[in-house]
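Novice: I have a structure here, written as structure tokens, and I will follow up with some questions on it.
The values are calculated or read from the model by the stated rules, or taken from the named source; none is laboratory data. What you are looking at is a predicted structure, and each value in this text was computed from that prediction instead of being measured. Glycine also receives a Cβ, built like all others from the backbone with ideal geometry; neighbour counts cover every protein chain displayed. In case anyone asks, the SASA skips ligands and DNA or RNA and just uses the protein heavy atoms, side chains included. Shrake-Rupley method; radii C 1.70, N 1.55, O 1.52, S 1.80 Å.
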Amino acid sequence: AELHKNPDLHPIIPLVEMIYSRDSTVYYFDPNDASLPHGTVQSRTGVRQGDPLGPLLFNLAISTPLENIGERCKDSAAIQAFSDDGKYLIKTPFVPTVITVATEEMGKVCSNVQPIKSSCMVPPDTALELVEVIRAMVPVVTGTDNLGAPLA
């Protein structure tokens, strides 16, 4: 869908459709004799490992959800993203809302947000009730930033 939104990319649509409209077969080999095929795995969706178009198509797919997160959270967060890595600078009371919005938007392109792989640094004076709500969604560090300096 993202390819169709950008007229500059229209010339590559037939190529992408040709490559990804057919099943692909991956061969794996006998571990004792690499010259002998041991079996095959049929791949019906997605890109193959090492496919040079994979990163481009992935970034095209997530560009709209990232833009939507930024728009929906513009008053409560600043967002930086590179591919599937993001940094969210969120006003503390809005952390649960921004995590929910990010989960919803990325879910639209079948991408899972994994807040458990993140950490959330909150100022030491944050209300305990809010810290507990945030902690239920993402690991929380209170009192210092990632360099050990007090949070203001």
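Novice: Accessible area, 1.4 Å probe, largest first: how do Met106, Met121, Met18, Met137 sort?
Specialist: Descending accessible area places them as Met18, Met121, Met137, Met106.
Novice: Ile13 to Leu130: extension gain in nm, 0.36 nm per residue of separation minus the Cα-Cα distance?
Specialist: Between Ile13 and Leu130, full extension yields 37.4 nm more.
Novice: Something else now. Given the DSSP H assignment, sum -39500 (n - 2.57) over each helix run of at least 4 residues in the chain and divide by its residue total; what's the result at 222 nm in deg cm²/dmol, nearest 500?
Specialist: -10000 deg cm²/dmol
Novice: OK, next. Can you put Thr40, Thr64 in order of accessible area, largest first, using a 1.4 Å probe?
Specialist: Thr40, Thr64
Novice: Please calculate the 1.4 Å probe accessible area of Glu17, with all protein chains present, and give it to the nearest 10 Å².
Specialist: Per-residue accessible area (Glu17): approximately 100 Å².
Novice: Please build a GNM for the chain, connecting alpha carbons under 10 Å apart, and tell me which residue among Ile19, Ile134, Ile99 fluctuates the most.
Specialist: Between Ile19, Ile134, Ile99, it is Ile19 that shows the largest mean-square fluctuation.
Novice: What is the calculated FRET efficiency for Asp51 to Tyr28, with r their C-beta to C-beta distance and R₀ = 22 Å, to the nearest 0.05?
Specialist: Efficiency for this residue pair is about 0.80.
Novice: In addition: Rounded, prolate or oblate: pick one for region 1-45, where a ≥ b ≥ c are the square roots of the eigenvalues of its C-alpha gyration tensor, a/c under 1.5 means rounded, and failing that, prolate if a/b is larger than b/c, else oblate.
Specialist: In terms of gyration-tensor shape, prolate.
Novice: Which FRET efficiency value, to the nearest 0.05, is calculated for Gln42 and Thr100 with the Förster distance at 25 angstrom and r the Cβ-Cβ distance? The partial results should precede the final answer.
Specialist: Numbers: r = 37 Å, r/R0 = 1.48.
Efficiency for this residue pair is about 0.10.
Novice: Roughly how compact is the chain, stated as its Cα Rg over 2.2 N^0.38 Å to two decimals?
Specialist: Its radius of gyration relative to the 2.2 N^0.38 Å reference: 1.43.
Novice: Here's something else I'd like to know. Report the longest stretch of the chain that contains none of the trypsin sites (Lys or Arg not before Pro) sitting in a DSSP loop with at most 16 other Cβ atoms within 10 Å. List each step's numbers first, then the result.
Specialist: Working: sites that count: Arg22, Arg44, Arg48, Lys74, Lys91, Lys108.
With a cap of 16 other Cβ atoms within 10 Å, the longest stretch comes to 109-152.
Novice: I've got another one for you. Normalised by the residues of region 1-45, what does the relative contact order come to in percent, with Cα pairs under 8 Å and at least six apart? Spell out each step's value before the answer.
Specialist: On the way: 40 pairs, mean separation 13.2, N = 45.
Relative contact order for region 1-45 comes out at 29 percent.
Novice: Write down, largest first, the equivalent ellipsoid semi-axes of region 53-143 in whole Å, where each equals the square root of 5 times an eigenvalue of the alpha-carbon gyration tensor.
Specialist: 26, 13, 11
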